[in-house]
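Structure, as structure tokens:
The values are calculated or read from the model by the stated rules, or taken from the named source; none is laboratory data. Note that the structure is predicted; figures quoted are calculated from it, not measured. Here Cβ is always computed from backbone atoms with ideal geometry, including for glycine, and neighbour counts include all displayed protein chains. When the accessible area is computed, the model is the full protein with side chains, heavy atoms only, and any ligands, DNA or RNA have been set aside. Shrake-Rupley method; radii C 1.70, N 1.55, O 1.52, S 1.80 Å.
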Amino acid sequence: MAKVKGDIVIDIEKCKGCEVCIAACPQEVIAMAKNVNGKGYHYTETVNEECTGCANCAIVCPDGVITVYRMKN
Amino acid sequence: MSDIVTKEQIRRPENLVYSKTKLLTDKALSYCPGCGHGTAHRILMEVIEELNAQEITIGIAPVGCSVLAYEFMNIDMQQAAHGRAPALATAVKRLMPEKIVFTYQGDGDLAAIGTAETIHACNRGENITIIFINNGIYGMTGGQMAPTTLPNMKASTCPYGRDVTTMGNPLRMTELVAQLPGVHFVTRQAVHTPSAVRKAKKALRKAFDLQKENKGLTFVEIVSNCNSGWKMTPVQSNKWMEENMFPFYPLGDIKVDGQLVK
Ligand SMILES: Cc1ncc(C[n+]2csc(CCOP(=O)(O)OP(=O)(O)O)c2C)c(N)n1
Ligand code: SF4
Ligand code: SF4
Ligand code: SF4
């Protein structure tokens, strides 16, 4: 069976590093980066290829910085 | 044949499943990291977008952390004096009954200084939607006790916790206004998990649909965190909210079709 393939794009300059998305991801795709953005916040990054494109992270992100893609087949 | 899919193949416009609504401006939100105000703004604007109502909606911003809501919501808005949003919304709706009108208010705004305006707008059955962000505290001014602060909950003006024998009991405004005949739909929601956000969005949609049918006042409370005021991390504050706020402010519908839910 073909695996669902999803991916997210994080607007790192707008991320405030609140970690709410990390708690919401069932696939443990998201983690905090060591670096900080222009505002001094640690931002999030993807750390594996397990994203299903479920959009849970984007739906709970208070700052609306996550865009989600999912392959249709 | 290789079944390896590259990120470039996934990130194509036809595969887009979620992006920030255009009804939020591109300004960075002024809220603390992890604050529920941002999520509440976003689902509110998503609902207005779904209703294709950008041109016919007027929002009233409060005093409180969300005083600048008009900078972020890409619709027509006014900002009211502290607690007076329901009075201003009343005027706007009566002058322009074809518009969709909502207020967006914190608990200090709606349940303390604005108690009279809230109760009378509800009692008159104004055909507006009140969105009530309850974080149990005055966020903007430094975390003072609000009427909604839980028993024994610490705040900057009750550092040893709210002692109800001297400071009074917390006020459940939402249950209170549900008693009034002018109020048609009352619900309490949250925005801290994906499923809660989906439910809250449905509730907002329902409130606006009912306003379009001229059913009377619709009232949506969103129990939210004030992680700065509560002095916790955002993730801790969401857990604390589940364990402490929800037992006192239970989620779910309180009044549907003008009838109290038993
Ligand atoms: C007439 C008046 N009184 C007091 C204030 C000070 N003040 C500003 S915001 C606020 C409380 C806001 O708390 P809340 O409505 O719970 O919103 P939050 O900041 O928590 O979102 C107060 C008392 C004011 N701006 N105007
Ligand atoms: S929820 Fe949004 S702002 Fe918070 S850490 Fe995740 S991407 Fe950044
Ligand atoms: S879309 Fe779903 S699986 Fe992918 S990162 Fe977000 S929460 Fe995790
Ligand atoms: S002070 Fe509280 S309510 Fe205000 S933005 Fe910060 S977390 Fe949100």
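Structure notes:
- Among (1) in contact with a helix residue (DSSP H, G or I) (Cβ under 7 Å, 6 or more places away or on another chain); (2) hydrophobic (A, V, I, L, M, F, W, C); (3) facing another protein chain (nearest Cβ under 9 Å) - the single one A:ILE22 does not satisfy: (1)
- Exactly one residue out of B:LYS7, B:LYS20 is within 14 Å of chain A (Cβ to nearest Cβ), within 16 Å of ligand 3 (Cβ to nearest atom), touching a residue at least 12 places away in the same chain (Cβ under 8 Å) and open to solvent by 30 Å² or more (accessible area, probe 1.4 Å): that is B:LYS20.
- Extreme residue, farthest from B:ALA111 (Cα to Cα), among residues of the stretch B:138-150 that are free of Cβ contacts under 8 Å to residues at least 40 places away in the same chain and either surrounded by fewer than 17 Cβ atoms within 10 Å (Cβ to Cβ) or in contact with a Cys (Cβ under 8 Å, 6 or more places away or on another chain) (or both): B:THR141
- Of the residues A:GLU13, A:GLU45, A:GLU19, A:GLU49, the single one that is within 16 Å of ligand 4 (Cβ to nearest atom), open to solvent by 30 Å² or more (accessible area, probe 1.4 Å) and in contact with a strand residue (DSSP E or B) (Cβ under 9 Å, 6 or more places away or on another chain) is A:GLU19.
- Among residues that are free of Cβ contacts under 8 Å to residues at least 60 places away in the same chain and either touching a strand residue (DSSP E or B) at 6+ places or on another chain (Cβ under 7 Å) or open to solvent by 70 Å² or more (accessible area, probe 1.4 Å) (or both), A:CYS61 is not included.
- Residue match in the stretch B:162-173 (condition: open to solvent by 10 Å² or more (accessible area, probe 1.4 Å) and either among the small types (Gly, Ala, Ser) or within 30 Å of B:GLN54 (Cα to Cα) (or both)): yes
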